[in-house]
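To start, the structure under review is shown below, and the notes come after it.
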Amino acid sequence: MADEIFTVQDVKNTADSTHKKGEATPPPAEPVKKHEDPEFLAVKSTFTPSRGDMGGGFCVIFEGKTGRTVFQIFWLAKPYAKGQIPEAAKDWRTFVKGLPAMGPLDKDWAEKLQAKLKEILTAEEKKKLYENYTKAKVRQLESIFRRSFESVAQCVFSAVTDAEPVGRPELERAKIIKPLPPTPEELARMQREKEEQEKKEQEEREKEEAKKEGNFEGTIIMCTPVVDPVRGKASSEIVPGDIIGVKIEGEGTSALVNKYLEENNIEPMFPVDEIKETSGKKLIYVKVSDEIRGYVSITKDIKIKVKEQPQPEQPKQGMSFMGDLFFFGLLGVALVALLFVIRYFFL
């Protein structure tokens with residue numbers, strides 16, 4: 001790609017892909033390299049004839065550490081439009097977009113002059129330039145470009161050259177280079193974000209299903225069950241009236257309910273109001289208040305914490321037996337006394 005002569009359409013597509021005004025940052029007079037400095041450098045130049053009708057320009061973008069060219073366009077027009085010369089001081093996208101306006105591309109002459117450019121901007125020369133793209137260094141290169149092109153074209157040129165640091169993200173957005181593969185840390189972060197997004201979308205779907213399924217006009221909030229694997233009750237055995245432990249999720253009304261429960265030291269355990277099964281899931285509705293219902297979505301049988309409710313008081317069997325024994329004892333004594341009375345008076 002770096003050694004091709006681009007067509008007018010190629011240039012326009014590249015320049016229009018991320019073109020924005022006001023993004024150009026002129027290189028400092030004495031650049032000091034830092035760790036966060038842009039990885040690439042763009043060299044832009046125009047050369048117009050002092051006499052004649054041949055004029056053009058080029059833009060070369062290369063990686064600073066390796067000198068590898070990632071983008072290059074060399075435009076030479078014959079004849080050229082004197083009033084349509086792009087400014088080298090503009091950002092590289094504006095500059096590249098303006099090159100075709102100089103006139104129709106003369107491919108033969110462009111290839112000849114581009115060959116001289118390759119001889120000048122070797123990989124080593126580009127690496128040196130990246131490390132020190134001061135105005136003095138750029139002017140030195142500009143003089144070499146001009147003399148080399150003049151020797152080929154047999155024409156006296158005036159040249160203007162500038163250098164511009166370019167960041168990787170900018171070239172990725174322009175589709176000049178491919179994005180680097182994500183690091184393990186980035187992959188883990190992307191996976192977390194994906195899971196969180198999927199969870200959020202699932203919660204929204206469940207919330208909508210809960211609203212559709214329940215004939216309740218108040219506020220519906222999402223809850224998750226409090227699992228008690230030892231003393232809990234299987235979700236398949238939960239029935240309306242059971243008081244189950246839940247965690248209230250979400251913001252808005254949910255946050256307000258949680259705040260109220262915390263401030264009043266109330267454990268979030270609510271009575272089951274209704275149970276519905278849909279799409280392989282069980283929706284357990286709990287009554288938080290007259291205006292608020294919570295729903296718990298169950299996809300597998302789990303043991304949920306249940307509040308033990310007081311049982312109706314049963315008579316104690318031991319006391320009942322002793323009472324019966326005392327009654328029958330008294331009855332026996334009474335019968336014996338009655339027999340003695342009858343024997344005394346009638347026998």
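Longer than 19 Å from Cα to Cα, which of Lys259/Lys282; Lys44/Lys116; Lys259/Lys281; Lys247/Lys303; Lys194/Lys282; Lys97/Lys135 are they? Say none if no pair is. Don't skip to the end; give the middle numbers.
Details: Lys259/Lys282 28 Å; Lys44/Lys116 16 Å; Lys259/Lys281 29 Å; Lys247/Lys303 15 Å; Lys194/Lys282 25 Å; Lys97/Lys135 24 Å.
As for pairs spanning more than 19 Å Cα to Cα, those are Lys259/Lys282; Lys259/Lys281; Lys194/Lys282; Lys97/Lys135.
Taking only the C-alpha atoms, wrap a convex hull around region 61-107 and report its volume per residue in Å³ as a whole number. Working shown, then result.
Working: hull volume 3.7 nm³, N = 47.
That works out to 79 Å³ per residue.
Exceeding 28 Å between C-alpha atoms, which entries from my cross-link table qualify? They are Lys107/Lys128; Lys199/Lys305; Lys82/Lys175; Lys199/Lys300; Lys126/Lys175. Please report the intermediate quantities before stating the final value.
Working: Lys107/Lys128 30 Å; Lys199/Lys305 24 Å; Lys82/Lys175 31 Å; Lys199/Lys300 17 Å; Lys126/Lys175 22 Å.
From Lys107/Lys128; Lys199/Lys305; Lys82/Lys175; Lys199/Lys300; Lys126/Lys175, over 28 Å: Lys107/Lys128; Lys82/Lys175.
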Practice task
Determine ³J(HN,Hα), in whole Hz, for all residues of region 257-263 in sequence, where each value follows from phi through the Karplus function 6.51 cos²θ - 1.76 cosθ + 1.60 and θ = phi - 60°; x replaces Gly and Pro.
Solution key: 5, 4, 4, 4, 5, 5, 5
Fill in the blank from the handout: Going from the fewest other Cβ atoms within 10 Å to the most, one would list Ser148, Ser289 as Ser289, Ser148
Problem - For region 203-304, average projected area of the Cα convex hull in nm² - result: 6.3
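If R0 is 22 Å, what FRET efficiency do you get for Glu251 and Glu195 from their C-beta distance, rounded to 0.05?
Details: r = 19 Å, r/R0 = 0.88.
Step by step, r from the Cβ atoms, then E = 0.70.
To the nearest 20 debye, what is the magnitude of the charge dipole of region 203-304 about its Cα centre, counting +1 on the Cβ of each Lys and Arg and -1 on the Cβ of each Asp and Glu?
Numbers: 15 positive and 21 negative charges, 69 e Å.
In total the dipole reaches around 320 debye.
Write out the GluC sites (Glu not before Pro) in region 54-145 meeting two conditions: DSSP loop, and at most 10 other Cβ atoms within 10 Å of their Cβ. Can you show the working numbers first?
Working: sites: Glu63, Glu87, Glu111, Glu119, Glu124, Glu125, Glu131, Glu142; in loops: Glu87.
Taking region 54-145 and a limit of 10 other Cβ atoms within 10 Å, no loop GluC sites (Glu not before Pro) are found.
Read-outs throughout are calculated quantities, based only on the coordinates presented, and are distinct from any laboratory measurement. Note that the structure is a prediction, hence the values are computed from the model and not measured. Because the Cβ atoms are built from the backbone with ideal geometry, glycine has one as well, and the counts that use them run over all protein chains shown.
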